[in-house]
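The values are calculated or read from the model by the stated rules, or taken from the named source; none is laboratory data. What you see is a predicted model; the values in this text were computed from it and never measured. Quick reminder, even Gly has a Cβ in these numbers, built from the backbone with ideal geometry, and neighbours come from all protein chains shown.
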């Protein structure tokens with residue numbers, strides 16, 4: 001048998017390397033890109049739905065190379081600020097907080113977010129006032145002189161609560177006590193008689209309100225009247241709504257309130273392919289996605305393109321145009 005020469009060995013090695021060369025771009029395409037979704041408190045709706053979004057993104061990872069993780073955060077305002085500095089790639093936010101961020105109003109007065117973009121809307125969120133029954137709070141105006149949790153700074157609930165108090169003419173100093181607990185901490189504080197009431201903007205049914213209803217004697221109070229009428233008339237992202245009666249123990253009749261849409265937002269700097277992949281992962285599996293939380297039970301694909309007050313990210317817009325949901 002002929003012994004291979006140094007030249008033939010070198011030639012064989014070169015041909016082998018050349019054969020491998022076309023595979024290099026394919027390997028590069030499979031590089032994993034990590035994205036994090038900022039949500040809210042673990043007892044709210046944002047957190048489990050963020051997990052559901054990641055579930056569908058990760059299931060189709062071979063198509064786009066994305067690996068998704070979910071993070072519990074201070075919710076809307078926190079998420080938008082984190083998107084702006086690159087600490088998050090995707091975040092949940094109330095539709096009214098979207099508007100404030102884009103226009104530089106409310107908590108964004110000194111730091112408007114012109115790069116904020118929408119991916120999609122999910123479900124209606126209602127401004128919900130929960131009170132101890134012995135505190136005799138039947139409506140929002142009864143909060144004067146009471147111990148009230150205003151929600152944690154940086155949350156959409158806190159932003160909306162401050163706006164409503166201002167319009168209602170209730171100063172913080174007129175409360176007996178004003179606390180800043182996270183939504184997950186509020187039911188226990190209420191039932192331990194540390195506060196008389198708390199507010200939380202969330203979808204229904206909700207484990208947070210269920211905890212307060214089953215742990216102690218509490219009720220959901222009305223948030224309605226001329227002040228709410230004025231707010232709804234002045235802001236297109238608000239709408240009147242009702243918390244259904246008999247959904248929670250202690251609240252037999254439906255309670256009027258107002259609400260907005262829960263939305264998923266990103267920065268304009270997010271690559272179009274990433275925005276498209278996240279949107280596609282959710283809405284190609286929409287019926288399965290809806291089953292993962294009761295707040296989504298009546299959601300529709302048409303709602304996905306409603307309630308947003310910032311421009312759509314090109315990646316999301318491309319998907320919805322392909323499906324005939326956007327022109």
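Just checking: which of the strands (runs of 3 or more DSSP E) contained wholly in the stretch 64-148 hold 3 or more residues that are touching a residue at least 60 places away in the same chain (Cβ under 8 Å) and on the phi < 0 side of the Ramachandran plot? Quick ask: steps written out before the conclusion?
Working: elements: 66-71, 90-94, 116-132.
Here the list reads 90-94, 116-132.
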Check residue 157 against each of (1) at pLDDT below 95; (2) surrounded by fewer than 15 Cβ atoms within 10 Å (Cβ to Cβ) and name the one condition it does not meet. (2)
Between a residue in the stretch 303-327 that is at positive phi and any residue that is surrounded by 15 or more Cβ atoms within 10 Å (Cβ to Cβ) and assigned to a helix (DSSP H, G or I), which pairs come within a Cβ distance under 8 Å, given they are 6 or more apart or on different chains? 307/95
Hits in the stretch 317-327 (condition: surrounded by 15 or more Cβ atoms within 10 Å (Cβ to Cβ) and touching a helix residue (DSSP H, G or I) at 6+ places or on another chain (Cβ under 6 Å)): 318, 319, 320, 325
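Mind listing just one residue for me: the one in the stretch 296-316 that is part of a loop (DSSP other than H, G, I, E, B) and surrounded by fewer than 21 Cβ atoms within 10 Å (Cβ to Cβ) and, of those, modelled with the lowest pLDDT?
Start the filter on the stretch 296-316 by keeping residues that are part of a loop (DSSP other than H, G, I, E, B), which leaves 297-301, 306-311, 313.
Next, only the ones that are surrounded by fewer than 21 Cβ atoms within 10 Å (Cβ to Cβ) stay: 297-301, 306, 311.
Working: 297: 87, 298: 84, 299: 89, 300: 91, 301: 93, 306: 87, 311: 96.
Result: 298.
Take residue 131 and decide whether it is touching a strand residue (DSSP E or B) at 6+ places or on another chain (Cβ under 9 Å), more than 17 Å from residue 182 (Cβ to Cβ) and crowded, with 22+ Cβ neighbours inside 10 Å. Give the derivation first.
Numbers: touching a strand residue (DSSP E or B) at 6+ places or on another chain (Cβ under 9 Å): yes; more than 17 Å from residue 182 (Cβ to Cβ): yes; crowded, with 22+ Cβ neighbours inside 10 Å: yes.
Answer is yes for this residue.
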Residues in the stretch 283-295 that are surrounded by fewer than 21 Cβ atoms within 10 Å (Cβ to Cβ) and either in a helix (DSSP H, G or I) or outside the structural domain of residue 102 (by TED's automatic domain parsing) (or both) total 7
Within the stretch 249-282, work out how many residues are crowded, with 20+ Cβ neighbours inside 10 Å and in a loop (DSSP other than H, G, I, E, B). 1
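Per-residue answers, yes or no, for (1) part of a loop (DSSP other than H, G, I, E, B); (2) closer than 14 Å to residue 43 by Cβ; (3) not assigned by TED's automatic domain parsing to the domain that holds residue 223:
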| site | (1), (2), (3) |
| --- | --- |
| 157 | no, yes, no |
| 164 | no, no, no |
| 167 | no, no, no |
| 170 | yes, no, no |
| 185 | no, yes, no |
| 190 | no, yes, no |
| 195 | yes, no, no |
| 199 | no, no, no |
Of all residues in the stretch 40-63 being closer than 19 Å to residue 286 by Cα and not in a helix (DSSP H, G or I), the one that is nearest to the chain's Cα centre (by Cα): 45
